[in-house]
1. Mind checking which residues of segment 1-35 are hydroxyl-bearing (Ser, Thr, Tyr) and open to solvent by less than 20 Å² (accessible area, probe 1.4 Å)?
2. Step by step: first the residues of segment 38-81, then only those that are assigned to a loop (DSSP other than H, G, I, E, B) and touching a Lys or Arg at 6+ places or on another chain (Cβ under 7 Å), then the one that is nearest to residue 14 (Cα to Cα). Which residue is that?
3. Any residue at all in segment 71-84 that is farther than 22 Å from residue 108 by Cβ, loosely packed, with under 15 Cβ neighbours inside 10 Å and modelled with pLDDT of 90 or more?
4. Hey, among the residues in segment 85-116 that are modelled with pLDDT of 85 or more and in contact with a Ser or Thr (Cβ under 7 Å, 6 or more places away or on another chain), which one's surrounded by the most Cβ atoms within 10 Å (Cβ to Cβ)?
5. Please go through segment 39-65 and give me each residue that is farther than 19 Å from residue 116 by Cβ and at pLDDT 90 or above, ordered by number.
6. Which ones in segment 1-16 are among the hydrophobic types (A, V, I, L, M, F, W, C) and assigned to a loop (DSSP other than H, G, I, E, B)?
7. Determine whether residue 39 is within 21 Å of residue 123 (Cβ to Cβ) and acidic (Asp, Glu).
8. Which residues, taken from segment 36-62, are surrounded by fewer than 14 Cβ atoms within 10 Å (Cβ to Cβ) and of a type in the set (Val, Ile, Thr)?
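The values are calculated or read from the model by the stated rules, or taken from the named source; none is laboratory data. Source: prediction; values computed, not measured. Cβ: placed from backbone, ideal geometry, glycine included. Neighbour counts: every protein chain shown. Each accessible area value is taken on the protein alone, full model and side chains, heavy atoms only, with ligands, DNA and RNA left out. Shrake-Rupley method; radii C 1.70, N 1.55, O 1.52, S 1.80 Å.
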Amino acid sequence: MEYTAILYELLSGNTYLSLATADENGTPWASPVVYEFDETQGNLFFISSPDSRHIRNISKNPTVAFSIYNSAQTVGNAFGIQWSGRVEEVDSMDVPAELRSSLLSKVSMIVLNRSHRFYKIMIDEIYLPHAERWKNDKPLRVLVMKKNKNNP
């Protein structure tokens, strides 16, 4: 299977990502968040409370790392995505309508609290495990995508 196909299969087949943030002292924190992927721009969106620890961390340090994986996969057959990127708060109208609706339906119980806001993760790098990673001469992971000012 091609890496791009694996990437899209993981993105469409899962609901949560594990978001890693750090505060101003570098103390790490990981949080599960429900996400939606915008295929046209290559960004992810999520909803969270601005009072949550991960959003307080992001307000001081918007650089994040995260992973998406299916924890029901068997050992040796599992694929997961490792990412890095930056997070910014966005107006709800800046989230594509279909993604906004899907996110709201997935987290409707928690967003009854009107303080929840939308956030966008802008991807810097995406890694997947190498398909032949168990062979000694192969890398453990493969850079699938890199976005930066030179490669938007």
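1. Filtering segment 1-35 for residues hydroxyl-bearing (Ser, Thr, Tyr) gives 3-4, 8, 12, 15-16, 18, 21, 27, 31, 35.
Across segment 1-35, the qualifying residues are 21, 31, 35.
2. Kept after step one, since they are assigned to a loop (DSSP other than H, G, I, E, B), are these residues of segment 38-81: 39-42, 49-52, 61-62, 70-79.
If we keep only those that are touching a Lys or Arg at 6+ places or on another chain (Cβ under 7 Å) too, we end up with 42, 50, 62.
Details: 42: 16, 50: 24, 62: 24 Å.
For segment 38-81, the residue satisfying everything is 42.
3. Residues of segment 71-84 that are farther than 22 Å from residue 108 by Cβ, as a first pass: 71-84.
If we keep only those that are loosely packed, with under 15 Cβ neighbours inside 10 Å too, we end up with 71-78.
Remaining after also requiring modelled with pLDDT of 90 or more: none.
Looking for residues that are farther than 22 Å from residue 108 by Cβ, loosely packed, with under 15 Cβ neighbours inside 10 Å and modelled with pLDDT of 90 or more, one finds none in segment 71-84, hence no.
4. Per the criteria, the residue is 100.
5. First pass over segment 39-65, keeping only residues farther than 19 Å from residue 116 by Cβ: 39-42, 60-61, 63, 65.
Those that are farther than 19 Å from residue 116 by Cβ and at pLDDT 90 or above: 60, 61, 63, 65.
6. Kept after step one, since they are among the hydrophobic types (A, V, I, L, M, F, W, C), are these residues of segment 1-16: 1, 5-7, 10-11.
Listed by number, the list holds a single entry, 1.
7. Values: within 21 Å of residue 123 (Cβ to Cβ): yes; acidic (Asp, Glu): yes.
Answer is yes for this residue.
8. The one that is surrounded by fewer than 14 Cβ atoms within 10 Å (Cβ to Cβ) and of a type in the set (Val, Ile, Thr): 40.
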